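A.B. asks: The structure under discussion is supplied below as structure tokens; questions concerning it will follow.
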Amino acid sequence: MRKYIFSVLIALLSLPVIAQQQQSQAKAVLDKTAEAFRKAGGVKADFIIKSVTNGLVEGSESGTIQLKGEKFVLKASEVITWFDGKTQWSYVVRNDEVNVSNPTQEELQQINPYTFLYMYQKGFSYKLGTVKTYGGKAVWEVILTAKDKKQDLERITLYVTKNTYEPLYILLQQRDQQTRNEITVTGYQTRLNYADSIFSFDKKQYPNAEIIDLR
């Protein structure tokens, strides 16, 4: 009995060390993923996003995101969003209108899942998960959890390839919501040469659009 108690105590005492090691390993994976993204230059990713509630898919849509550092343009069937590093334009196809805003970092997290590439160093704790393969590829699973209990985005689960550190799958879990968004990357191109102008709304391309300035 005493031997059993000692074994339990040793196991409990070792948990903080194991957790610290896991966090260090997870940070190393995130650092390498961020560095690979930085070196990639202009990036284009094709994706499928699914809204899942209690294991059931409630909606699915495909789209494309083009990235250059913090700048991006996100194209889906109903909405096109541009962000130039400060200002965001969201064009609603059905209404032919553009909403202009200066989004917060938290708002950007909900629009552009790649924000974790340069935001994980503050506001999140992280650890390695247990998933080893995805889509036939060897992956690292990293789980990021928001430290601020009031933040809407509670958790991000990320799969990145072990050889190239490219994101393959991103799961976004909002706080106190059963529905989660699952993003599967179906295509990934790097070292693309993007002019900064593509990350801003071009009025000439949408001459009849109503502009609603929310700044």
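The values are calculated or read from the model by the stated rules, or taken from the named source; none is laboratory data. Given the structure is predicted, the values throughout are model-derived calculations rather than measurements. Here the Cβ is made from the backbone with ideal geometry for all residues, glycine too, and neighbour counts use every protein chain on show. Quick note on the areas: whole protein, heavy atoms, side chains included, nothing else; ligands and nucleic acids left out. Shrake-Rupley method; radii C 1.70, N 1.55, O 1.52, S 1.80 Å.
A.B. asks: Can you pull out every residue in region 85-111 that is surrounded by fewer than 18 Cβ atoms within 10 Å (Cβ to Cβ) and touching a helix residue (DSSP H, G or I) at 6+ places or on another chain (Cβ under 7 Å)?
C.D. replies: GLN105, LEU108
A.B. asks: Something else about it: Provide a single number: the residues in region 174-209 that are touching a residue at least 40 places away in the same chain (Cβ under 8 Å) and of a type in the set (Lys, Arg).
C.D. replies: 2
A.B. asks: Mind listing whichever residues of region 194-215 are in a strand (DSSP E or B) and either basic (Lys, Arg) or open to solvent by less than 80 Å² (accessible area, probe 1.4 Å) (or both)?
C.D. replies: Across region 194-215, the qualifying residue is only ILE212.
Yes/no matrix, rows are residues, columns are (1) more than 22 Å from THR130 (Cα to Cα); (2) of a type in the set (Gly, Ala, Ser); (3) touching a helix residue (DSSP H, G or I) at 6+ places or on another chain (Cβ under 7 Å):
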{"site": "ASN163", "(1), (2), (3)": "no, no, no"}
{"site": "LEU168", "(1), (2), (3)": "no, no, no"}
{"site": "GLN177", "(1), (2), (3)": "yes, no, no"}
{"site": "ARG180", "(1), (2), (3)": "no, no, no"}
{"site": "SER200", "(1), (2), (3)": "yes, yes, no"}
{"site": "LYS203", "(1), (2), (3)": "yes, no, no"}
{"site": "PRO207", "(1), (2), (3)": "yes, no, no"}
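A.B. asks: Still on this structure, I have one more. So if I check each of THR161, THR145, THR184, which one is closer than 20 Å to GLN66 by Cα and in contact with a Lys or Arg (Cβ under 6 Å, 6 or more places away or on another chain)?
C.D. replies: Exactly one of THR161, THR145, THR184 is closer than 20 Å to GLN66 by Cα and in contact with a Lys or Arg (Cβ under 6 Å, 6 or more places away or on another chain), namely THR161.
A.B. asks: So, in region 65-80, exactly how many residues are more than 14 Å from the chain's Cα centre (by Cα), open to solvent by 30 Å² or more (accessible area, probe 1.4 Å) and without any contact (Cβ under 8 Å) to a residue 60 or more places away in the chain?
C.D. replies: Within region 65-80, residues that are more than 14 Å from the chain's Cα centre (by Cα), open to solvent by 30 Å² or more (accessible area, probe 1.4 Å) and without any contact (Cβ under 8 Å) to a residue 60 or more places away in the chain number 5.
A.B. asks: Also: Tell me whether region 116-137 contains one or more residues that are under 17 Å from the mean Cα position of the chain (by Cα) and under 25 Å from SER77 (Cβ atoms).
C.D. replies: Within region 116-137 (the criterion being under 17 Å from the mean Cα position of the chain (by Cα) and under 25 Å from SER77 (Cβ atoms)), the answer is yes, since at least one residue qualifies.
A.B. asks: Condition first: part of a loop (DSSP other than H, G, I, E, B) and either on the phi > 0 side of the Ramachandran plot or in contact with a helix residue (DSSP H, G or I) (Cβ under 8 Å, 6 or more places away or on another chain) (or both). Now tell me which residues in region 126-143 satisfy that.
C.D. replies: Within region 126-143, GLY135, GLY136 qualify.
A.B. asks: Taking the criterion of being among the basic types (Lys, Arg) and either farther than 21 Å from LEU168 by Cα or assigned to a helix (DSSP H, G or I) (or both), would at least one residue in region 118-125 satisfy it?
C.D. replies: Within region 118-125, one or more residues are among the basic types (Lys, Arg) and either farther than 21 Å from LEU168 by Cα or assigned to a helix (DSSP H, G or I) (or both).
A.B. asks: Additional query: Output the residue which, of all residues in region 117-134 that are modelled with pLDDT under 80 and open to solvent by 30 Å² or more (accessible area, probe 1.4 Å), is farthest from GLU70 (Cα to Cα).
C.D. replies: Checking each candidate, the answer is GLY123.
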